[in-house]
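The next block holds one structure in the form of structure tokens; read it before the comments.
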Amino acid sequence: MKRWVTMFLMLAVAAAVALPAAAQEGTLDKIKRTGVLTIGTRTGSPPFAYIDKSNNWVGFTIDLVEQLVKPAVEKEVGKAIKIEKKESTPPTRIPLLTSNAVDLIAGTMTDTPQRRESVDFSLTFFYTGAQFMVKKGSPIKSINDIGGKRVAAQQGSTNAKIIREKVPTAQLREFPDQPAAFQALVQGQVDAYTNDGIQLYGLKAKSPKPDDWDVVGDFYSEEPYGMAMRKGDAKFKAAVDAGLKNGFESGKYFDLYEKWFGAKGEVPYPMTPQVKAYLMKQIGK
Amino acid sequence: MNGQAIEFKRVNKWFGKLHVLRDIDLSIASGEVVVVCGPSGSGKSTLIRCVNVLERIQQGDIVVLGQSVTVPGLNLAKLRTRVGMVFQQFNLFAHMTVLQNIMLAPMRVKRVSRDEAERTARALLERVGIPHRADSYPANLSGGQQQRVAIARALAMQPDVMLFDEPTSALDPEMINEVLEVMTDLARDGMTMMCVTHEMGFARRVAHRVIFMDEGQVIEQSEPEAFFAAPKSDRTKQFLSKILSH
Amino acid sequence: MQYQFKWSVLWSGQSAGWLLQGLITTLELSALAWILAVCLGILAGALRTVTFAPLRAAAVFYVEFFRNVPLLVWMFFWYFGVPPLLPRVVQDWLFNHGAEFWAAVIALGVYTGARMSEVIRAGILSIPRTQFEASLAMGLTVGQAYRLIILPIALRLIVPPMTNESLNLLKNSSVALTISVAELTFQTRQVETYTAKAIEALTAGTLIYLVLCLGIATVMSRLERRFAIPGLIARVGAG
Ligand SMILES: Nc1ncnc2c1ncn2[C@@H]1O[C@H](COP(=O)(O)OP(=O)(O)OP(=O)(O)O)[C@@H](O)[C@H]1O
Ligand SMILES: [Mg+2]
């Protein structure tokens, strides 16, 4: 519990100390003053944000920030800026943001109505949905088959929440991280593992025997990933969105998508026409 | 019971390389009261602790009440119920009342009924002169009282032999006598006693024999009169001059 | 742009129910693990003080092995490592009947037991050896001496460090969330997920743990006073 108390106190103090400054200064002003845009991101969510083999902090989301958001912000503040990265996990990311420890959450955060009460989201930069990973030949083909079955999910994920609501008879086992959940699937502690489709494809691609596993089922939830910002900072949000919009329009976004999710990318995950249409619809195309 | 209560037969004992008992030959008759004295580290405690097998010997044999302590598979508990022991540090059990301390072994070892154990215990407290402290806890008694309870506790098993290892040396001077009186009474009642003590007055008055040890050996043994009046060895003389001058 | 506190998330919706469930699971898990830990701790602690070398060695092995490997590893060991050794039908039955919970109980109990045994051993060693000899000299067996004399005294002496270990056990029970046991920390995170109100959820979790710890400390100090040996342990300003 010590860890808890420390974490809590840190957050509370950070929140209290940062409030007056935050109230006066918009994020863009702050970036202008300091020359730094601090993002909260992940270290272990390939291919979105992770530490690679040569110890570089890289990923699709990080590329989006570096190559699309950064120029847009630089244009607004009128000078070159630096990107600083900090680790932010699901329980810490919103407090980190509201306490000004970071300016932008750029990881794998799903844009949900609840979260919109606390933060603002950018345009959706990735679209996936929850599916199931099962042993090849499993009778489970979709969410309709999981009644009474043991299903692993990631703690704190929207997927667990939806399963609980839609299929209350499923026996949910929630693990804090992917490796443990996958281990439970491998050993038969659970019959299926549900997560965002992209995560499952990534897991399958990296597993020792990819052919032993199937990712099945239609998206039973929508998981649009967005970048989160402090609520009510319209100018900053406009700058971030402008960067992404420019990426969609110029095609640079799709180049980056190809780099990470194309046939030769880290996790092959071809973009369906529906997803592409969804993304373009955001910018009125 | 007549004859020999305790017989040491060429007993040798080592603690690692330290040779603490050397060729001890000694017998103590039933009903005899023997005082063992000698300088610190001479092996007195070890000697009497071998009798109830708190220490094991490496050579020779000790026969206690007809029972050899070196036979394999010896029923130690049974032997020990017949040999009571009183320690320098009382060793009452702090979490039990005086009465519970005395009743424990009869009930747990001899399976005596609670009522009978309590009756015996109260009688023994009477005998050692503190019937009114039956329900006190050891920490609330004086040292002299504690040691008297310890004697009562040992007697509760109705032993045939009593061993005392410096029973008065942890006591304040004004309490020594109350303990010695109890021991004297016990001797008068015919108990076989082996006492390590430097209370020479007690030795003179009560003991049938005084044994002087040094460096793991029995140097000299004789009746108290002779022992104090005409010690044979120089080491005994030296020792006596030291302790009697105090 | 400021953080908007919204404490009502803690009692509106399902939050209160979840927190309560988490609390119950934490209590059940901790209580069962505590019983296991105390039994193992007494056994191993006592065995470490006996003269018979093989028993002592076994106890040393248990203590050093279990205490020096992180609890998280033990959770995984009992949950992932042990079941594959069982027949498939047994595994399936276990997985359908709270294997996570029992794995957590065993992991936490065995781990804490190893730590407690050190405390108990220290308690036993603080009792003069002559007390043990006095017990034997009266004809008690070694087992009786431990059961009737050494342990009752040692256990009274070690209440404060045992309180510490018990509190640690309670706090450590949150590690069970790694093998999907829905205990208090797990549920606190769940509240956070559903409401996106991290500070409120963390505060609730922290307060509940705090109250639990204070409760345990109070019970233990009552116990200490209740079983204090008259005249031996002077309690300053007590009751
Ligand atoms: N358990 C033990 N292990 C190793 N050495 C021991 C042990 N017990 C006693 N000794 C050593 O054996 C020797 C004899 O010890 P013992 O206690 O029998 O002497 P003593 O005559 O009773 O002395 P004192 O008058 O100081 O009580 C001493 O040198 C002592 O240090
Ligand atoms: Mg001695």
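All conditions in (1) at pLDDT below 95; (2) crowded, with 18+ Cβ neighbours inside 10 Å; (3) away from ligand 2 (no atom under 16 Å from the Cβ) hold for B:MET162, with the sole exception of (1). Residues of region B:24-40 that are within 16 Å of ligand 1 (Cβ to nearest atom), small (Gly, Ala, Ser) and either buried (at least 22 other Cβ atoms within 10 Å of the Cβ) or more than 23 Å from B:PHE228 (Cβ to Cβ) (or both): B:GLY38 alone. Residues in region B:137-148 that are within 12 Å of another protein chain (Cβ to nearest Cβ) and surrounded by 18 or more Cβ atoms within 10 Å (Cβ to Cβ) were compared, and the one that is farthest from B:THR184 (Cα to Cα) is B:TYR137. Remark: pairs (first residue in region A:146-160, within 9 Å of chain C (Cβ to nearest Cβ); second residue of a type in the set (Phe, Trp, Tyr) and surrounded by fewer than 22 Cβ atoms within 10 Å (Cβ to Cβ); Cβ separation under 8 Å; 6+ apart in sequence or on different chains) = A:ARG150/C:PHE95.
For region B:135-149, a residue qualifies if it is within 14 Å of B:LEU124 (Cβ to Cβ), more than 16 Å from ligand 2 (Cβ to nearest atom) and either touching a residue at least 60 places away in the same chain (Cβ under 8 Å) or over 14 Å from the mean Cα position of the chain (by Cα) (or both), and the qualifying residues are B:GLN145, B:VAL149.
Evaluating C:GLN91 against the criteria (1) surrounded by fewer than 20 Cβ atoms within 10 Å (Cβ to Cβ); (2) of a type outside the set (Lys, Arg); (3) over 30 Å from A:GLN187 (Cβ atoms) leaves one unmet condition, (3).
Among the residues of region B:161-177, write down those that are away from ligand 1 (no atom under 16 Å from the Cβ) and within 13 Å of chain C (Cβ to nearest Cβ). B:VAL161, B:MET162 - these are the residues of region B:161-177 that are away from ligand 1 (no atom under 16 Å from the Cβ) and within 13 Å of chain C (Cβ to nearest Cβ).
Restricting region B:187-201 to residues that are buried (at least 22 other Cβ atoms within 10 Å of the Cβ) and more than 16 Å from ligand 1 (Cβ to nearest atom) leaves a set whose member that is farthest from B:SER30 (Cα to Cα) is B:MET193. Of all residues in region C:131-147, those that are more than 8 Å from chain B (Cβ to nearest Cβ) have Cβ atoms under 8 Å from Cβ atoms of residues that are surrounded by fewer than 20 Cβ atoms within 10 Å (Cβ to Cβ) and part of a loop (DSSP other than H, G, I, E, B), 6 or more apart or on another chain, in C:VAL142/C:VAL50. Residues in region B:80-103 that are facing chain C (nearest Cβ under 7 Å) and either at positive phi or within 16 Å of ligand 1 (Cβ to nearest atom) (or both): B:MET85, B:PHE87, B:GLN89, B:ASN91. When the test is whether a residue is at negative phi and in contact (Cβ under 8 Å) with a residue 24 or more places away in the chain, C:TRP93 does not pass it.
Note on region C:198-224: residues that are crowded, with 22+ Cβ neighbours inside 10 Å, out of contact with any Phe, Trp or Tyr (no Cβ under 8 Å at 6 or more places or on another chain) and facing chain A (nearest Cβ under 9 Å) total 2.
Scoring B:LEU104 on the criteria (1) surrounded by fewer than 21 Cβ atoms within 10 Å (Cβ to Cβ); (2) under 20 Å from C:GLN131 (Cβ atoms); (3) away from ligand 2 (no atom under 16 Å from the Cβ) leaves a single failure, condition (1).
Here B:SER169 meets each of (1) surrounded by fewer than 19 Cβ atoms within 10 Å (Cβ to Cβ); (2) away from ligand 2 (no atom under 16 Å from the Cβ) with one exception, condition (2). If you check C:GLN4, C:GLN14, C:GLN21 for being more than 16 Å from the chain's Cα centre (by Cα), surrounded by fewer than 13 Cβ atoms within 10 Å (Cβ to Cβ) and within 13 Å of chain A (Cβ to nearest Cβ), only one passes: C:GLN4. Out of B:LEU65, B:LEU21, I need the residue that is touching a Lys or Arg at 6+ places or on another chain (Cβ under 6 Å) and away from ligand 1 (no atom under 16 Å from the Cβ). Which one? After applying the criteria, what remains is B:LEU65. The helices (runs of 4 or more DSSP H) found entirely in region C:129-239 that carry 1 or more residues being among the polar types (S, T, N, Q) are C:129-137, C:159-172, C:184-195, C:198-226.
The values are calculated or read from the model by the stated rules, or taken from the named source; none is laboratory data. Remember, predicted model here, so these are calculated numbers, not experimental data. A quick note on method: Cβ atoms are made from the backbone with ideal geometry, for glycine too, and the neighbour counts reach across all protein chains shown.
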